[in-house]
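Beneath this line is the structure, given in structure tokens, with notes to follow.
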Amino acid sequence: MRAVGVCRPVTVDDIQRHLRSLRGELASCVRHRDPELGIQLAARILAEIGDDRSRFTDARGLKAYAGSSPITRASGRKSAITRRWVRNDRLAHAGHLWRINRRIQHGW
């Protein structure tokens with residue numbers, strides 16, 4: 001008779017090995033796509049976005065989630081463009097740091 005639902009315990013070495021492999025994948029992705037992003041900032045952005053790729057159908061949805069896209073309200077002849085008040089502050093701050101890094105690396 002075999003045991004059902006029994007698995008071996010996870011050790012610290014297993015977790016460290018998994019984290020090293022994730023860090024290697026992240027580093028290679030950052031090096032090829034956007035070198036000024038940096039590993040820690042890329043990890044922060046990925047953590048805020050999540051691993052569900054179908055959550056945002058296009059870039060506009062992600063931009064709205066980060067709070068960097070404006071809101072346009074129009075009624076009759078009047079039109080107003082305002083900023084978003086509700087946003088993911090951590091993702092917005094990571095985007096701000098990304099822009100600063102780009103300016104430093106590429107100049108104005």
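The values are calculated or read from the model by the stated rules, or taken from the named source; none is laboratory data. Since the model is a prediction, treat every value here as computed from it, not as a measurement. All Cβ positions, even for glycine, are placed from backbone atoms using ideal geometry, and neighbour counts span all protein chains on display. Ligands, DNA and RNA are stripped out before the accessible areas are found, and what is left, the full protein with its side chains, is counted by its heavy atoms. Shrake-Rupley method; radii C 1.70, N 1.55, O 1.52, S 1.80 Å.
Share of carbon and sulfur in the accessible area of the chain stands at 55%, probe radius 1.4 Å.
Give me Rg over Rh for the range 31-82, both radii from the alpha carbons and Rh done the Kirkwood way, two decimal places. Walk me through the numbers before you get to the answer.
Numbers: Rg = 15.7 Å, Rh = 13.6 Å.
With Rh from the inverse mean 1/r over Cα pairs, Rg/Rh is 1.16.
In the context of the full set of protein chains, residues of the chain present 88 Å² of accessible surface per residue (probe radius 1.4 Å, heavy atoms only). Its Cα centre serving as origin, the chain has a Cβ charge dipole (Lys and Arg +1, Asp and Glu -1) of approximately 560 debye.
Spin-label model, I71 to R83: label points 7 Å out along the Cα-to-beta-carbon direction sit 1.3 nm apart.
Tell me which of S75, H106, V12 sits at the most positive position along the dipole axis of the chain, charges placed on C-beta atoms (Lys, Arg +1; Asp, Glu -1). Positive-most Cα among the choices belongs to S75. Membrane-span-like helices in the chain, defined purely by DSSP H runs whose alpha carbon atoms cover 18 Å or more axially and whose average Kyte-Doolittle hydropathy reaches -1.0, are 12-33. The trypsin sites (Lys or Arg not before Pro) of the range 33-108 that DSSP puts in a loop, and whose beta carbon has at most 11 other beta carbons within 10 Å, are R77, R83. Springs between Cα atoms under 10 Å define the GNM used for the chain, and in it the highest mean-square fluctuation of I45, I71, I15 occurs at I15. Label-to-label distance, D58 versus R102, with points set 7 angstrom from Cα along the beta-carbon direction: 1.9 nm.
Dividing the alpha-carbon radius of gyration of the chain by the rule-of-thumb value 2.2 N^0.38 Å gives 1.57.
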